[in-house]
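The values are calculated or read from the model by the stated rules, or taken from the named source; none is laboratory data. As the structure is a computational prediction, the values presented were derived from the model and not from experiment. Counting neighbours? That spans all protein chains shown, and the Cβs are built from the backbone with ideal geometry, glycine included. Ligands, DNA and RNA are stripped out before the accessible areas are found, and what is left, the full protein with its side chains, is counted by its heavy atoms. Shrake-Rupley method; radii C 1.70, N 1.55, O 1.52, S 1.80 Å.
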Amino acid sequence: MEEFIFFSLEGIKVSNIQFIADGFTYALQDVIAVEHGMTEPSRVFATFCILTGAFLFIFEDVFMFVGGFAIALGIVAWFTAKTQYSVVIHTPTGEHQALKSENSHDIDRVIRALNTAIIHRE
């Protein structure tokens, strides 16, 4: 059967025969289901900096400066932490996070292409 490519971009390829992402190749005949995954970033470090900074800010002199710096660092860390979106495929061997990105739109495009490819697989 001829291979039809449904999506191709920067090392990602979805066809009716295979799915290639992050250097791994998955045979489309083995893919049972595809879903959209999401991982929220850990904000433990940011929370620690903000709380420690607030505690140190209470004190005067040198600790006040250090506390202000820790609060600023915590705020920057909080807002720069990004949510990771992923393509999760289910195969007979289990669940695999096949592709990760901070761009939800790109992940949605790959999932749509995979669902179309599953319909048209050999």
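Summary of values
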read-out: For residue 82, solvent-accessible area (1.4 Å; no DNA, RNA or ligand), Å²; value: 110 Å²
read-out: Against the rule of thumb 2.2 N^0.38 Å, how large the Cα Rg of the chain comes out; value: 1.60
read-out: Largest to smallest accessible area among 14, 34 [probe 1.4 Å]; value: 34, 14
read-out: Estimated FRET transfer efficiency when R0 is 41 angstrom, pair residue 33-residue 79 (beta carbons, to 0.05); value: 0.75
read-out: Carbon/sulfur fraction of accessible area - the chain, other protein chains in place, 1.4 Å, %; value: 62 percent
read-out: Mean residue ellipticity (222 nm) of the chain, computed from DSSP H runs ≥ 4 via -39,500 (n - 2.57), nearest 500; value: -13500 deg cm²/dmol
read-out: Sites residue 90 and residue 51, calculated FRET efficiency, Cβ-Cβ separation with R0 35 Å, nearest 0.05; value: 0.30
read-out: Residue-normalised accessible area of the chain, given per residue in Å² at a 1.4 Å probe; value: 65 Å²
